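Below is one structure, written out as structure tokens; comments come after it.
No value in this document is a laboratory result; all are computed from the given coordinates. Since this is a predicted model, take the numbers as computed values, not measurements. Virtual Cβ from ideal backbone geometry, glycine too; neighbours counted across all protein chains shown.
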């Protein structure tokens, strides 16, 4: 057995080595322009007549003199009577006996009125144009 292994060793050392061909690849990118795109934006202003209804609320302040004595447990509070808001104004007066006097009430009357309003305004819009140039 030792003879065979010696001959195998001799054969391995006497054999010629053969080089094999080797291929290599290099990858890369190249920028190629096949066409161009042009984008333009323009702003257009048009005059438009708009019409809308506006609501106005006015308040009429009316002072109503009262000069009525009121008891501390019966002091009037702010109240609403129909479209009128009544705000009592209390004054404390001192005599021999202290008592409350309702001097006046403030009545606030709301008045709604509507009117038609017209105004010329400028509305702007933008447009986009896309064009291509083949090369």
Is it possible to state the helix-based mean residue ellipticity at 222 nm for the chain, with each DSSP H run of 4+ residues giving -39500 (n - 2.57), the sum divided by total residues, to the nearest 500 deg cm²/dmol? What is it?
-3000 deg cm²/dmol
Between 0 and 90°, nearest 10: helix 2-14 axis offset from the chain longest Cα axis:
80 degrees
With 0.36 nm assigned to each residue of separation and the Cα-Cα distance removed, residue 132 to residue 65 gains 15.8 nm
List residues of the stretch 42-60, by number, whose backbone nitrogen lies under 20 Å from a label position 7 Å along Cα→C-beta of residue 106.
57-60
How much length would be gained if the chain were fully extended between residue 84 and residue 125, taking 0.36 nm per residue of separation minus their Cα-Cα distance, in nm to one decimal?
10.0 nm
Where a ≥ b ≥ c are root eigenvalues of the Cα gyration tensor, a/c under 1.5 meaning rounded, otherwise prolate if a/b exceeds b/c and oblate otherwise, the stretch 49-128 counts as prolate
Within the stretch 93-135: backbone nitrogen closer than 14 Å to the residue 48 label point (7 Å, Cα to C-beta)
119-126
When every alpha-carbon pair in the chain is counted, what percent end up more than 17 Å apart?
82 percent
Give me 34, 83 ranked fewest to most by other Cβ atoms within 10 Å of their Cβ, as a rough exposure proxy.
34, 83
